[in-house]
1. With the requirement that a residue be modelled with pLDDT of 85 or more and in contact with a strand residue (DSSP E or B) (Cβ under 6 Å, 6 or more places away or on another chain), what does the range B:104-120 give you?
2. Out of the range B:21-80, which residues are of a type in the set (Ser, Thr, Tyr), surrounded by fewer than 21 Cβ atoms within 10 Å (Cβ to Cβ) and touching a residue at least 40 places away in the same chain (Cβ under 8 Å)?
3. Within the range B:230-248, how many residues are within 20 Å of B:LYS13 (Cα to Cα) and surrounded by fewer than 23 Cβ atoms within 10 Å (Cβ to Cβ)?
4. Of the residues A:GLY161, A:GLY124, A:GLY133, which single one is on the phi > 0 side of the Ramachandran plot and surrounded by fewer than 22 Cβ atoms within 10 Å (Cβ to Cβ)?
5. Looking only at the range A:154-173, how many residues end up being small (Gly, Ala, Ser) and either part of a loop (DSSP other than H, G, I, E, B) or over 19 Å from A:TYR122 (Cα atoms) (or both)?
6. Could you check, for the range A:166-182, whether at least one of its residues is more than 7 Å from every other protein chain (Cβ to nearest Cβ), aliphatic (A, V, I, L, M) and closer than 19 Å to B:LYS171 by Cα?
7. Quick check: anything in the range A:74-81 under 24 Å from B:MET123 (Cβ atoms) and within 14 Å of another protein chain (Cβ to nearest Cβ)?
8. Output the residues belonging to the range B:159-196 that are basic (Lys, Arg) and over 20 Å from B:PHE131 (Cβ atoms).
2 protein chains.
Amino acid sequence: MTRDQLYANMLRKRSFLCVGLDPDPSKMPASLGGDLLSFNKAIIDATADYAIAFKPNLAFYEAQGPAGYEAFEQTVRYLRQHYPDQMIIADAMRGDLGNTSKAYARSFFETLDVDALTVAPYMGEDSVTPFLGYEGKWVIVLALTSNKGSMDFQMLRDSEGTPLYEHVLRKAAQWGTADNMMFVAGATRGQMLQDVRRIVPDHFLLVPGVGAQGGSLDEVAHYAMNAQCGIIVNSSRGIIHASSGDDFAQMARAKAAAMQAQMAQLLG
Amino acid sequence: MTRDQLYANMLRKRSFLCVGLDPDPSKMPASLGGDLLSFNKAIIDATADYAIAFKPNLAFYEAQGPAGYEAFEQTVRYLRQHYPDQMIIADAMRGDLGNTSKAYARSFFETLDVDALTVAPYMGEDSVTPFLGYEGKWVIVLALTSNKGSMDFQMLRDSEGTPLYEHVLRKAAQWGTADNMMFVAGATRGQMLQDVRRIVPDHFLLVPGVGAQGGSLDEVAHYAMNAQCGIIVNSSRGIIHASSGDDFAQMARAKAAAMQAQMAQLLG
């Protein structure tokens with residue numbers, strides 16, 4: 001999916017919502033018997049009207065062993081087949097030595113055909129660039145996360161006062177372009193999003209942490225939107241586990257609709 | 001596996017060799033038809049006499065889809081069943097938000113029962129600590145890698161000249177102990193290993209980059225060994241793909257034997 005296609009989807013659907021497909025069996029209705037794929041299909045069908053992207057986090061699938069991994073793949077296939085306009089983001093936090101990153105890139109962009117993949121930057125350029133050679137595919141580099149531990153290293157400052165996450169933004173922005181790279185920037189960091197936007201004015205930002213984690217959608221939009229929207233806001237638990245009963249899909253739809261309504265206003 | 005058990009294995013086998021199970025189908029003999037599990041079994045049987053650990057890198061399995069993931073799990077089971085004294089290190093570079101890390105911890109330490117897991121530190125404390133609550137299990141934190149890109153961020157210095165990787169070592173060492181945490185420290189960084197050893201005198205170091213990547217075993221031992229050995233040296237391609245013909249297992253055994261002989265001398 002190209003940048004223009006993504007933006008066109010946002011305008012058409014009046015939404016920049018990404019639904020995080022992080023299914024927790026303990027929060028799923030008992031009637032599903034822990035079936036991740038059935039759960040995901042119901043969530044996707046219920047929320048696709050209001051979303052422009054879906055983001056399965058691999059951890060939740062791998063935690064179930066090979067069957068979970070199979071459910072992840074089938075979820076991707078279901079999206080590809082029934083909702084071809086949705087961006088599929090594999091939240092996998094990969095990033096390894098060159099050879100290994102190449103294997104991951106093949107796996108996610110060729111075998112699976114997802115649109116985007118999150119990567120961790122700690123190992124530097126040769127761990128990220130193998131993901132950049134794919135037409136219409138995106139690398140989403142972890143820059144500023146919304147968890148408490150993000151203060152441990154991301155905020156470490158060099159002798160000129162520049163924090164590590166700024167170095168990550170500046171360096172990584174040289175490896176790719178605003179057409180094949182995005183950055184993760186957590187919603188709970190409020191004004192820091194303004195600093196991120198100053199450094200990478202044109203790149204899309206994937207913003208987790210709105211909703212269950214406490215970030216405000218208005219604040220995120222205020223600090224981080226640009227002329228082409230420029231943000232994809234993710235909500236996972238707040239939508240998919242809004243109810244743990246048999247009305248989970250209905251409740252998810254209501255939550256997604258409410259977020260989309262707010263987003264439509266913010267898109268102006 | 002406890003620290004004492006690991007060290008006892010090293011003394012008994014006169015080895016601190018870890019064999020990296022990173023099978024590349026294009027380098028496997030055609031007769032195997034790309035069967036990762038058969039390849040791994042042959043490598044394990046051929047090299048276990050000379051090794052104290054095996055380290056499958058998940059990327060090489062995930063690149064093959066669910067069948068690959070299944071081969072990874074079966075490899076772990078094969079090791080557990082036939083070589084219970086071998087440490088199994090899942091090289092997965094995980095590390096995510098608290099909830100997600102918890103899911104990974106369950107997956108690797110409970111469902112799969114590996115002994116150790118590599119994690120990336122970028123997201124800080126709450127992405128690492130969920131892995132620490134398991135008796136006899138280890139977290140191996142990425143500190144200093146041996147690739148070119150490691151210079152991009154790991155060597156960034158704060159106002160006092162302290163590089164990021166030192167911050168990672170110092171902070172992470174406060175989260176765990178030398179009994180449940182190790183660090184990845186690349187072999188090609190030569191004298192830097194001495195700095196690592198100064199900061200974490202007691203922790204085991206997992207040292208990749210010897211052999212195919214150019215690091216010297218003598219140099220690694222010189223800078224990084226401690227009174228209880230203190231290092232696990234990994235070799236992947238240099239052993240498992242020493243030959244791409246039908247003699248691959250035989251050649252792997254010869255390479256592993258040669259490394260073990262050198263290690264026996266270094267253990268004194």
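1. Scanning the range B:104-120 gives B:PHE108, B:VAL114, B:ASP115, B:ALA116, B:LEU117, B:THR118, B:VAL119, B:ALA120.
2. Within the range B:21-80, B:SER31, B:TYR78 qualify.
3. The qualifying residues number 1.
4. Numbers: A:GLY124 fails: surrounded by fewer than 22 Cβ atoms within 10 Å (Cβ to Cβ); A:GLY133 fails: on the phi > 0 side of the Ramachandran plot.
Of A:GLY161, A:GLY124, A:GLY133, the one residue that is on the phi > 0 side of the Ramachandran plot and surrounded by fewer than 22 Cβ atoms within 10 Å (Cβ to Cβ) is A:GLY161.
5. 2
6. Keep residues of the range A:166-182 that are more than 7 Å from every other protein chain (Cβ to nearest Cβ), which gives A:166, A:169-170, A:172-182.
Keeping just the survivors that are aliphatic (A, V, I, L, M) gives A:169, A:172-173, A:178, A:181-182.
Filter once more, so that each one left must be closer than 19 Å to B:LYS171 by Cα: none.
The answer is no, given that none of the residues of the range A:166-182 is more than 7 Å from every other protein chain (Cβ to nearest Cβ), aliphatic (A, V, I, L, M) and closer than 19 Å to B:LYS171 by Cα.
7. no
8. Within the range B:159-196, B:ARG189 is the sole residue that qualifies.
The values are calculated or read from the model by the stated rules, or taken from the named source; none is laboratory data. Being a predicted model, the structure only gives us computed values, none of them experimental. Reconstructed Cβ throughout: ideal geometry from the backbone, glycine too, with neighbour counts over all protein chains shown.
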